[in-house]
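Single-structure report; data block below.
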Amino acid sequence: MKKPRGVLIAGNWKMNHGLSETNGFFDILSAQSKAALPKNAEGLLKSGALRALVIPTATSLQTARNRTEKNPFPLAIGAQNAHGEKSGAFTGEISGPMLQELNIRWVLIGHSERRQFFGETDSSVRKRCEGLLSQGFHVMLCVGETRAERERGETFKILERQLSGVFAEPEKGAATFLDGRLVLAYEPVWAIGTGLTATPEQAEEAHQMIRKWLWDHFGMDASGRTPILYGGSVTPQNIDSLLACANIDGGLVGGASLKPDSFLALLAAGAKALS
Ligand code: PGA
């Protein structure tokens, strides 16, 4: 296979799409998927070589999850954040068991908007990751530098700090990397929602650094198996050149995932990269 870890296309809806828009999205997705996806996509989606994930806002989770049951192709639903504790006095938070009741198995953790606007730190991100991984979730962990950090030549240093901050105790993380429940997303903060995509060379360089870090800390198998997605102004127009890079295993997509036709175009690009 061209891409040994397959391709994962994840749509992060952020604070968009309440119930009626969520229903509208799935209506169109079902109606258009056959025409929009290449012939080989169905087999790739069924085998799991191509994976589709939608990450709606909390109030749309249950509806989105229900809609996937009749979707013409397998589609997973994830939450945009969750607490590491199972219950307790944490106003405004959602726990793993609450998501399990909705049959939701994926959680996005450490998105730069959580870090920038809601005060999340390497340490809070670590606690969420540890709690949710121990409860059996698939966790997508986001890392990435700001524009100022890149301009100061600190990109690798920041990535290293964010990764070491989460995997402070390598022995705890190794098993999770090996069973494939951890996905990393490299999202340079300066590229998110700005229309400024990292060039494939810039993205691949950061992905290589992350993969090497995984190798150094968890060994060859864990490093080789862990998908690393790129995020930051990914569109159907620029995804092909990103997926052509050896260490880019998919996209974490905000704006371009909100419309079903654009989400389908991203999946079609994933199928193309695999054939
Ligand atoms: P964007 O968002 O695709 O709109 O830049 C990506 C993200 O924040 O995950």
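The values are calculated or read from the model by the stated rules, or taken from the named source; none is laboratory data. Predicted model, so just to flag it, every value in this text is computed and none were measured. Counting neighbours? That spans all protein chains shown, and the Cβs are built from the backbone with ideal geometry, glycine included. These area figures cover heavy atoms from the full protein model, side chains too; ligands, DNA and RNA do not enter into them. Shrake-Rupley method; radii C 1.70, N 1.55, O 1.52, S 1.80 Å.
Table for the structure above
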quantity	calculated
Compactness of segment 17-76, expressed as Rg and Dmax over alpha-carbon positions, Å	11.8, 34
Segment 1-135 - percent relative contact order, Cα under 8 Å, separation 6 or more	23
Anchor K70: aspartates and glutamates whose Cα lies under 20 Å away (excluding residues fewer than 8 positions away in-chain)	E21, D27, E42, E101, D261
Förster-model FRET efficiency, 22 Å R0, D240 and S30, C-beta, rounded to 0.05	0.30
Carbon + sulfur, % of accessible area of the chain - ligands and nucleic acids excluded, 1.4 Å	54
Probe 1.4 Å, accessible area per residue of segment 99-239, Å²	42
Cross-link partners of K272 among lysines (Cα-Cα below 17 Å; sequence separation of 8 or more within a chain)	K2, K3, K34, K39, K46
The chain, helix-only ellipticity at 222 nm - DSSP H runs n ≥ 4, -39,500 (n - 2.57), divided by all residues, nearest 500	-13500 deg cm²/dmol
Distance between segment 184-239 and segment 1-41 - C-alpha centres, whole angstrom	21
Length-normalised contact order of the chain in % [C-alpha pairs under 8 Å, at least 6 apart]	24
Taking N as its residue count, the alpha carbon Rg of the chain over 2.2 N^0.38 Å	0.94
Convex hull (Cα only) mean projected area of segment 140-275, reported in nm² to one decimal	8.1
Extension gain from N16 to F117, taking 0.36 nm per residue of separation minus the Cα-Cα distance	34.7 nm
Relative contact order of segment 126-242, defined on C-alpha pairs under 8 angstrom at six or more residues apart (%)	30
